[in-house]
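To start, the structure itself, in structure tokens.
The values are calculated or read from the model by the stated rules, or taken from the named source; none is laboratory data. The structure displayed is predicted, hence computed values, not measured ones. Note: ideal-geometry Cβ built from the backbone for every residue, glycine included; neighbour counts use all protein chains shown. Please note that ligands, DNA and RNA were not included when accessible areas were found on the heavy atoms of the full protein model with its side chains. Shrake-Rupley method; radii C 1.70, N 1.55, O 1.52, S 1.80 Å.
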Amino acid sequence: MQNPVTVEVTRGRLVESRHRGMGVVVDGDGKVVFSFGEAEAAVFPRSACKAMQALPLVESGAADAYGFGNVELALACSSHSGEDAHVATAAAMLAKAGRDDTALECGAHWSSDQNTLIHQARTIEKPTALHNNCSGKHSGFVCTCVHAGLDVKGYVEYDHPLQAEIRGTMEALTGAILGHQNCGTDGCSIPSYAVPLKGLAHGFAKMVTGSSLSPERARASRRLMEACMAEPFYVAGSNRACTKLMEVAPGKIFAKTGAEGVFVAALPDQGLAIAVKCEDGTTRAAEAMIFALISRYFERGGEVQTKLLSMANKSMRNWNGIHVGDVRVTDALFA
């Protein structure tokens, strides 16, 4: 099956670029509500699955032991921009467990957000692991290890007990069998597993509905989802797609981006979850796709749907502010 063109980018009156993609909408019982393209194809969720990876932080009792609230839990699920508040929160999380940034094994990098990068260049000599977009997730890993009495060193390795627990958690949620055969290494050095797109969506549908989950896992899932929706800035940052999405309808949309054109969302009121993958890995297309798909499940012509569609179909302007083209979704998302 060839994936359909889901997003077009115009320049003048002509289509300059086309992006193909796949996507699926699933309920808590695993029923496919809508899909297009190769929805059963295996994809690396990358950072889109961080809320799943954060479940041991809550289920182990570490989050309660260290007094973590919505801000800390949202950061544990984040791909943040390295803004000052993100860095300070990650450092404070580690301090609660008696550790500092030297415990982090995610590596260091400058922010990918231009405004944040400029601020960093003006205020610090070089970035530390706390500035890494995954430092919140890794701080959660360290805190989980310390609380559970696990060796912190090597917590990113495939055979570490924490990664084994995360692997089992993701298997239970997605229904996929995870192992060396479908494992790669993520940008922050932890194992990353390829899972069917439908399974990824079903996992988030379980988390948002509690369907087929133990009471403990259902509570932990709800707590993480609610934390992210309550503190969207700590999930991403200023002017980021995840932040904007969750601010459009507070408490009604959970959203998380992943690298290489992956995006997931969950809608608590509708009991649905969505997963998309842009075939060529382009972020702008994945964002347009998720905005458009979410809009399908809000009141037709209502304020939320109107805002979402305006985010999915947006104009492009050059450095002089001249309108030069548009990013627009195709009918494949509304069939």
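Observations on the model:
- The smallest convex shape that holds all Cα atoms of the chain, its convex hull, gives 129 Å³ per residue.
- Efficiency of FRET between ALA88 and GLN114 - r from beta-carbon atoms, R0 25 angstrom, step 0.05: 0.75
- Label-to-label distance for ASP331 and SER212 is 3.5 nm, based on points extended 7 Å past Cα in the beta-carbon direction.
- Cα-Cα separations in the stretch 1-64 greater than 16 Å, expressed as whole percent: 68 percent
- Looking at the stretch 136-234, the pairs of alpha carbons with a distance over 21 Å make up 42% of the total.
- Per residue accessible area in Å² of the chain, where ligands, DNA and RNA are left out and the probe is 1.4 Å: 42 Å²
- Extension gain, ASP159-ASP280: 0.36 nm per intervening residue step, less the Cα-Cα distance, totals 40.4 nm.
- Compactness relative to 2.2 N^0.38 Å, alpha carbon Rg of the stretch 250-335: 1.14
- Under 16 Å from a label point set 7 Å out along the Cα-to-Cβ vector of MET316, the amide N atoms of the stretch 1-30 belong to 6-20.
- Student exercise, the chain dipole from Lys, Arg, Asp, Glu Cβ charges, in Debye to nearest 20: 760 debye
- Whole-percent carbon and sulfur share, accessible surface of the chain, 1.4 Å: 48 percent
- Computed from the Cβ-Cβ distance with R0 of 35 Å, the FRET efficiency linking GLU299 to SER189 stands at 0.20.
- Among GLN114, GLN270, GLN163, the largest mean-square fluctuation in a Gaussian network model of the chain (Cα springs under 10 Å) belongs to GLN114.
- Extension gain, VAL32 to ASN182: 0.36 nm times the residue separation minus the Cα-Cα distance gives 51.6 nm.
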